[in-house]
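Everything on this sheet refers to the single structure shown next.
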Amino acid sequence: MAAVPSGPEASIEEHRLDLISDLDWECWVLSVLLVVAWAVGWWRGRRRLRLWFAVLSPLAAVVFVFFGLIVLQSEGTPGESCSGYHCTGPADLSARIGDLDGFGMLIVVNGLLAFSAAVPLAVITVAVETTLAIRRRGRAKTEAEDYRSN
């Protein structure tokens, strides 16, 4: 049986769970759009579209993060709002993100969440497309051998 953390460890673990659940719906827009585009690409798209999506979606998310950092820098940064032990660890991360209101921070968080969705989708796409290509090549080879034997 796992030991229940107590003290600072429990606080850090609670904040890790709260970090994602405390985010507003606006922070998830780009991630949801990526997942919907990926699903439509598999449902109605072609192989070339899916492979372009696998390559460009993580890159676009990184560009989105950098664009958000530029906007955040132009907006200015809020004053120092925390002090003490919790400011140096991950326990105060959701509070620090909450203190950084504004359009720039919304873009950065959207980009980070989109990157965390785009990378697994890209890996799945490349793995499945590679498997399908190998199967297609094997099927074409057997069909060519059958044609030559007739």
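The values are calculated or read from the model by the stated rules, or taken from the named source; none is laboratory data. None of the values given here were measured: they were computed from a predicted structure. Note that each Cβ is placed from the backbone with ideal geometry, even for glycine, and that neighbours are counted across all protein chains shown.
Restricting the search to segment 8-53, which residues are at pLDDT 90 or above and under 12 Å from the mean Cα position of the chain (by Cα)?
V29, L30, S31, V32, L33, L34, V35
Any chance you could count how many residues in segment 96-150 are polar (S, T, N, Q) and modelled with pLDDT of 90 or more?
Initially, segment 96-150 is screened for residues polar (S, T, N, Q), giving 110, 116, 125, 130-131, 142, 149-150.
Adding the requirement that they be modelled with pLDDT of 90 or more leaves 110, 116, 125, 130-131.
The qualifying residues number 5.
Would a scan of segment 72-90 turn up a residue that is within 27 Å of A122 (Cα to Cα), surrounded by 12 or more Cβ atoms within 10 Å (Cβ to Cβ) and modelled with pLDDT of 60 or more?
Of all residues in segment 72-90, those within 27 Å of A122 (Cα to Cα) come to none.
No, because not a single residue in segment 72-90 is within 27 Å of A122 (Cα to Cα), surrounded by 12 or more Cβ atoms within 10 Å (Cβ to Cβ) and modelled with pLDDT of 60 or more.
Any idea which residue in segment 54-71 is farthest from the chain's Cα centre (by Cα), counting only those that are exposed (fewer than 14 other Cβ atoms within 10 Å of the Cβ) and under 19 Å from M105 (Cβ atoms)? Steps first, answer last, please.
Looking only at segment 54-71, we keep the residues that are exposed (fewer than 14 other Cβ atoms within 10 Å of the Cβ), and these are 55-56, 59, 63, 66, 70.
Narrowing further to those that are under 19 Å from M105 (Cβ atoms): 63, 66, 70.
Values: V63: 13, F66: 15, I70: 20 Å.
Selected residue: I70.
Name the single residue that is surrounded by the most Cβ atoms within 10 Å (Cβ to Cβ) among those in segment 19-49 being in contact (Cβ under 8 Å) with a residue 60 or more places away in the chain and in a loop (DSSP other than H, G, I, E, B).
So the residue we want is L23.
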